[in-house]
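Chemist: One structure, pasted below without further comment.
Every read-out reported here was derived from the displayed coordinates using simple, explicitly stated rules and does not represent laboratory data. Remember, it's a predicted structure, so these values are computed and weren't measured experimentally. Reconstructed Cβ throughout: ideal geometry from the backbone, glycine too, with neighbour counts over all protein chains shown.
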Amino acid sequence: MSLLDLIRQRKSVRDFRDQPVEREKIMACLEAARLAPSACNSQPWKFIVVDDPELKNKLSQVAFNGIYAINTFCKKAPVIVVVISEKGKFIAQIGGMFRGTRYYLIDIGIAIEHFILQAEELGLGTCWIGWFNERAVKQVLNIPQYKKIDILIALGYYDKAKIGPDHGREPMEKIAAFNTYQTRKPGHKDRD
Ligand SMILES: Cc1cc2nc3c(=O)[nH]c(=O)nc-3n(C[C@H](O)[C@H](O)[C@H](O)COP(=O)(O)O)c2cc1C
């Protein structure tokens, strides 16, 4: 399958099969993440893979409680990957402050998408999770409270038939242009 077809195929998965995920497959996803580019090659990430069923249940019970209940579906995911946003290299931090750009967020975004696309190629479904009880996740996994966790990844086997509706995307004319900032709405006609 071409990379573009793989990208087209990937959708957020919110209903997982009750089937464990092989460690070799998880390692392949981690390897894809490890090879991601980052500002100043800072690599400001750590991935904690939670695949022990008991620990994973404990984690999802506290992470998706109360105001985070919208993500209760994660309880069915056999694996939750906790992505810790590390500080990265000093030069990237200084450069980021100077530019007003949080390079580390761009970096972890790339690494996570590498992970997710590798998972898709291996027949595994994923969902980015940005809405969760961060404090509780740290407590359960003994991660110091001063660390930052921006994203979790829900991972597991899924049935293609159960994928939710396509969220659609903006048309190309609206998001991209050559040689000018101006983008066009579909159906737009230039006036003479
Ligand atoms: C940074 C980020 C955070 C997200 N957080 C959540 C989340 O907490 N819960 C959820 O169900 N989906 C979450 N998503 C998934 C998006 O809702 C989803 O990617 C988007 O609607 C497009 O749908 P698709 O992934 O099926 O193409 C998140 C995605 C990103 C990139």
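Chemist: Say whether the condition of being more than 16 Å from the ligand (Cβ to nearest atom), of a type in the set (S, T, N, Q) and surrounded by fewer than 18 Cβ atoms within 10 Å (Cβ to Cβ) is met by at least one residue in the range 92-109.
Modeler: There is at least one residue in the range 92-109 that is more than 16 Å from the ligand (Cβ to nearest atom), of a type in the set (S, T, N, Q) and surrounded by fewer than 18 Cβ atoms within 10 Å (Cβ to Cβ).
Chemist: Is it fair to say ASN179 is under 25 Å from CYS29 (Cα atoms) and polar (S, T, N, Q)? Show your work before the answer.
Modeler: On the way: under 25 Å from CYS29 (Cα atoms): no; polar (S, T, N, Q): yes.
No.
Chemist: Further question on the same structure: Would you confirm, using the coordinates I've provided, whether LYS138 is away from the ligand (no atom under 12 Å from the Cβ) and farther than 20 Å from LYS56 by Cβ? Spell out the reasoning first.
Modeler: On the way: away from the ligand (no atom under 12 Å from the Cβ): yes; farther than 20 Å from LYS56 by Cβ: no.
When the stated conditions are applied, LYS138 does not pass them.
Chemist: Before we move on, is LEU30 within 16 Å of the chain's Cα centre (by Cα) and hydrophobic (A, V, I, L, M, F, W, C)?
Modeler: Yes: the conditions hold for LEU30.
Chemist: Return the residues of the range 36-91 that are more than 13 Å from the ligand (Cβ to nearest atom), part of a strand (DSSP E or B) and not basic (Lys, Arg); say none if nothing qualifies.
Modeler: Of everything in the range 36-91, those that are more than 13 Å from the ligand (Cβ to nearest atom), part of a strand (DSSP E or B) and not basic (Lys, Arg) turn out to be TRP45, PHE47, ILE48, VAL49, VAL50, VAL79, VAL81, VAL82, ILE84.
Chemist: Considering only the range 63-72, state which residues are under 28 Å from ARG23 (Cα atoms) and surrounded by 17 or more Cβ atoms within 10 Å (Cβ to Cβ).
Modeler: ALA63, PHE64, ASN71
Chemist: Could you go through the range 161-176 and let me know if any residue there is surrounded by 15 or more Cβ atoms within 10 Å (Cβ to Cβ) and within 30 Å of LYS56 (Cβ to Cβ).
Modeler: yes
Chemist: Show the residue pairs meeting these rules: Cβ distance below 7 Å; 6+ apart or different chains; first residue within the range 115-136 and under 15 Å from MET27 (Cα atoms); second residue charged (D, E, K, R) and away from the ligand (no atom under 12 Å from the Cβ).
Modeler: Qualifying pairs under 7 Å: LEU122/LYS25; LEU124/LYS25.
Chemist: Could you list all residues from the range 84-116 that are touching a helix residue (DSSP H, G or I) at 6+ places or on another chain (Cβ under 6 Å) and more than 11 Å from ALA39 (Cα to Cα)?
Modeler: Within the range 84-116, SER85, ALA111, HIS114, PHE115 qualify.
Chemist: Across the range 4-33, what is the number of residues that are part of a helix (DSSP H, G or I), in contact (Cβ under 8 Å) with a residue 24 or more places away in the chain and not small (Gly, Ala, Ser)?
Modeler: So the answer is 9.
Chemist: For the range 119-132, name all the residues that are surrounded by 18 or more Cβ atoms within 10 Å (Cβ to Cβ), more than 9 Å from the ligand (Cβ to nearest atom) and either among the small types (Gly, Ala, Ser) or closer than 28 Å to GLN93 by Cβ (or both).
Modeler: Across the range 119-132, the qualifying residues are ALA119, GLY125.
Chemist: Quick check, is LYS148 charged (D, E, K, R), surrounded by 10 or more Cβ atoms within 10 Å (Cβ to Cβ), within 16 Å of the ligand (Cβ to nearest atom) and farther than 22 Å from ARG8 by Cα?
Modeler: yes
Chemist: Here is a further query. Take the residues of the range 12-23 that are closer than 16 Å to CYS127 by Cβ and touching a strand residue (DSSP E or B) at 6+ places or on another chain (Cβ under 8 Å): which is nearest to the ligand (Cβ to nearest atom)? Steps first, please.
Modeler: Just the residues of the range 12-23 that are closer than 16 Å to CYS127 by Cβ, to begin with: 12-17, 21.
Next, from what is left, pick out any that are touching a strand residue (DSSP E or B) at 6+ places or on another chain (Cβ under 8 Å): 12-14, 16-17, 21.
On the way: SER12: 4, VAL13: 8, ARG14: 6, PHE16: 13, ARG17: 18, VAL21: 19 Å.
Only one residue tops the list, namely SER12.
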